[in-house]
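The values are calculated or read from the model by the stated rules, or taken from the named source; none is laboratory data. None of these values were measured; they are calculated from a predicted model. With ideal geometry, Cβ positions are generated from the backbone for all residues, glycine too; neighbour counts draw on all protein chains shown.
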Amino acid sequence: MLFLLVYTCSYGQSGTEKEIIYISYGINEHEKKEKLETKNTIRFIIQSESFLHKREEHATTQITYSNIKDSLISTDKAREKAFSYLARFAKKWQEKAATEEEKEILGYIRNPPVLYYNDYFETIYVFEKTNEKEGILYEVIWESFIE
């Protein structure tokens, strides 16, 4: 099972909040997982999702496992949060929309044809447990997308 930890962060001038999420890797023994490393990247495959860490562009941080353990949520919940973000954004936009054409665009905001999860979160991290007490946070790009 894939889990996420969410902290709320404010985003931009629009006032629409984006969150930082922490995805656990390798904690649940029954989850399908794979870690592929090259000189420049680490790719985490968790269940059917793919997360890419670029060593020269993305941050890594050592962290205590107990600090995030109790706040983890599922990927289904993270997807719900992405759609919730879209709904809040569309509502704010609708309140400001003056013309029918602008209001018509709202259908695309609420039901996007293809948008990436990274568009809905401030930052995405994969947490890999290194021992019973610690782990490493890898800043990543969530390569899966909403269709």
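Of all residues in the stretch 18-33, those being part of a strand (DSSP E or B) and of a type outside the set (Asp, Glu) number 8.
Each row is one residue, and each column tells you yes or no for (1) part of a loop (DSSP other than H, G, I, E, B); (2) farther than 21 Å from residue 139 by Cβ; (3) at pLDDT below 70.
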position	(1), (2), (3)
35	no, no, no
50	no, no, no
57	yes, no, no
81	no, no, no
88	no, yes, no
102	no, yes, yes
105	no, yes, yes
109	no, yes, yes
